[in-house]
């Protein structure tokens, strides 16, 4: 582990600046200089807000995989809004939407997108789906955090790169250009070329599986023979044992026995293996995000306290906090942050 540090400059109430040392990530990425600096504005929760506890503390319920990040942002917010206190109840992603449904959390941190199963009762009670705000890209380093995905093949497989279309034809069924079921269809020669492609991945109802179905397979189902597994470690292990295997899993689970495939959106495009810089710039096709979901009643503006908190998160100051966490999430670029800010108006 590296024990280098950098400093984040934080203004404190009654002081000019304070230097707060933050651990340097193993693979740091520069924060987009075009992100707007945070300019604090007064913000108080609406009267009777269910997420305000009797002592005035703000409750946040949701995923535990963003604990360190949320704690750091809370500290920064309290410095610019003196007297603000927070209570974290981070028990898991599945707890976010129920708490948000009943208004007992300021927002719902989640390591994946909301599912239709969660959306139905929420929308029935609130009147519309929750407002989805992307706050960072997934991690590429930490197995305990929500990750971006990668395509893995056995280290002996000569395949080095694929397009997203080729991957969809491997994992999906019924592609208009035909399914890819044999390695020789990808110009693999020798004994491997004679073998069928063995596809491994997540279950249909998990975050990874739903991501593949919704964004990569675009409505197709998984192919016949696709093997579903519960954990990324299991998927990578199977690929490591099977020269004819290919799988998708969290990128941080790469081992010396497998190879991460470079991916591009189209033939001859910008192939990427998911470095922090490529993810932050929006060049990696298997990128994923982490989210803060917001309770927005139809016809009403976003809660002013929550909006101000998210203004910090989506500013250069907030994304510097994202980037500063060792092996943490990858910061948004200015274009992405602007798109999320626009949702709050």
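Some points to look at:
- Between helix 116-126 and the chain: long-axis angle, C-alpha atoms, 0 to 90°, nearest 10: 20 degrees
- Between 0 and 90 degrees, the angle of helix 304-313 with respect to the longest Cα principal axis of the chain falls at about 50 degrees.
- In terms of other Cβ atoms within 10 Å, 239, 31 run from fewest to most in the order 31, 239.
- The residues 197, 125, when put in order of fewest to most other Cβ atoms within 10 Å, stand as 125, 197.
- Between residue 345 and residue 177, the modelled labels are 3.9 nm apart [label points 7 Å from Cα along Cα→Cβ].
- To the nearest ten degrees, helix 67-80 and the longest principal axis of the Cα atoms of the chain are 30 degrees apart.
- Relative contact order of the chain, defined on C-alpha pairs under 8 angstrom at six or more residues apart (%): 27 percent
- Pairs of alpha carbons in region 149-273 whose separation is greater than 26 Å (percent): 10 percent
- Listing 145, 259 from fewest to most neighbouring C-beta atoms within 10 Å gives 259, 145.
- Packing rank of 59-69, 289-299, 39-49, where each peptide gets the mean count of other beta carbons within 10 Å, highest leading: 59-69, 289-299, 39-49
- Within region 149-273, DSSP assigns beta bridges of which about 55% are antiparallel (rounded to the nearest 5).
Read-outs throughout are calculated quantities, based only on the coordinates presented, and are distinct from any laboratory measurement. Not measured: the values here are computed from a predicted model. Backbone-built Cβ (ideal geometry, glycine too); neighbour counts: all protein chains shown.
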